[in-house]
Amino acid sequence: QQQVKQSPQSLIVQKGGISIINCAYENTAFDYFPWYQQFPGKGPALLIAIRPDVSEKKEGRFTISFNKSAKQFSLHIMDSQPGDSATYFCAATNTGTASKLTFGTGTRLQVTL
Amino acid sequence: DTAVSQTPKYLVTQMGNDKSIKCEQNLGHDTMYWYKQDSKKFLKIMFSYNNKELIINETVPNRFSPKSPDKAHLNLHINSLELGDSAVYFCASSLGQGNSPLHFGNGTRLTVT
């Protein structure tokens with residue numbers, strides 16, 4: 001059972017554009033939603049995270065929007081740069097249990113010049 | 001100075017062989033993990049150890065046996081390797097709380113021929 005669904009699978013955006021990646025979850029017990037960024041040949045690294053008590057969190061060019069009623073959250077990358085080209089994973093967990101992150105299926109982002 | 005290091009980076013072996021992957025973290029974290037990333041980039045947790053004690057075992061075949069000699073090390077031994085075991089295996093560590101970021105190593109690409 002895929003508890004965190006992520007789309008699109010791949011995304012091509014021009015430099016300066018906005019990249020948007022969407023995720024939906026099923027488990028209402030999830031209460032922490034991080035995004036991880038993975039470059040080729042490297043392990044994933046935490047990019048930004050949100051709790052469901054806020055609807056938006058912004059860190060630089062990266063923003064998470066969260067819709068608790070719809071059980072959806074999304075990552076927006078403003079002014080996308082070629083250096084943002086990577087695979088992005090949303091994830092979710094219930095912080096009250098053993099810390100087990102459930103990852104989405106990943107989105108491969110390519111930012112073109 | 002690498003925070004989570006795993007060796008080897010590449011591992012090519014034949015079906016039926018036994019192999020080990022080693023992982024060490026110098027972050028002082030109590031919790032360590034093994035994740036498997038398949039050819040479609042899907043990340044799935046295999047095991048989690050907290051202070052040398054197994055806390056998550058995600059229905060992984062018993063050919064896979066993790067061993068944690070101390071809280072800074074978590075090794076993965078795989079017996080009777082199969083073609084389907086080919087993947088990238090990531091070690092990670094965290095403070096263990098549900099909202100603690102995972103720190104991943106750079107992965108071990110295992111190819112079974």
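The values are calculated or read from the model by the stated rules, or taken from the named source; none is laboratory data. Being a predicted model, the structure only gives us computed values, none of them experimental. Glycine gets a Cβ as well: all are built from the backbone with ideal geometry, and neighbour counts include every protein chain shown. Ligands, DNA and RNA are excluded from the accessible area calculation, which covers all protein heavy atoms including side chains. Shrake-Rupley method; radii C 1.70, N 1.55, O 1.52, S 1.80 Å.
For the range A:16-113, the solvent-accessible area of protein heavy atoms averages 43 Å² per residue (probe radius 1.4 Å; ligands and nucleic acids excluded).
Expressed as a whole percent, the accessible area of the range B:30-107 that falls on carbon and sulfur atoms is 50 (1.4 Å probe).
On the basis of the beta-carbon distance and an R0 of 41 Å, residue B:3 and residue A:70 show a calculated FRET efficiency of 0.70. Only protein heavy atoms count here; on that basis, with a 1.4 Å probe, residue A:54 has an accessible area of about 70 Å².
Prolate is the label for the range A:1-44. Its Cα gyration tensor axes, ordered a ≥ b ≥ c, give a/c of at least 1.5 and a/b above b/c. When only alpha carbons of chain A are considered, Rg and Dmax amount to 13.5, 44 Å. Compute the whole-percent fraction of alpha carbon pairs in chain B spaced more than 22 Å apart. Across chain B, Cα pairs with separations above 22 Å total 25 percent.
Placing unit charges on each Cβ (+1 for Lys and Arg, -1 for Asp and Glu) gives the protein assembly as shown a dipole about its Cα centre, and among A:80, B:6, A:92 the Cα reaching farthest toward its positive end belongs to A:80. With a 1.4 angstrom probe, the accessible area lost at the B-A interface totals about 1700 Å². Using a probe of 1.4 angstrom and keeping all protein chains present, the accessible surface of the range B:1-93 works out to 51 square angstrom per residue.
Estimated from the Cβ-Cβ distance and a Förster radius of 30 angstrom, the FRET efficiency linking residue B:51 and residue A:78 is about 0.15.
Under the simplified labelling scheme, the residue A:61-residue B:113 pair shows an inter-label distance of 4.1 nm, with each label point 7 Å from Cα along Cα→Cβ. Per residue, the convex hull around the alpha carbon atoms of the protein assembly as shown comes to 125 Å³. Among A:49, A:37, A:14, flag the residue with its Cα farthest along the positive direction of the charge dipole of the range A:1-62, charges on Cβ as +1 for Lys/Arg and -1 for Asp/Glu. Final value for the positive-end residue is A:14. Taking 29 Å as the straight-line reach from the Cα of residue A:15, the lysines in range (excluding those fewer than 8 positions away in the same chain) are A:5, A:42, A:57, A:58, B:40, B:41.
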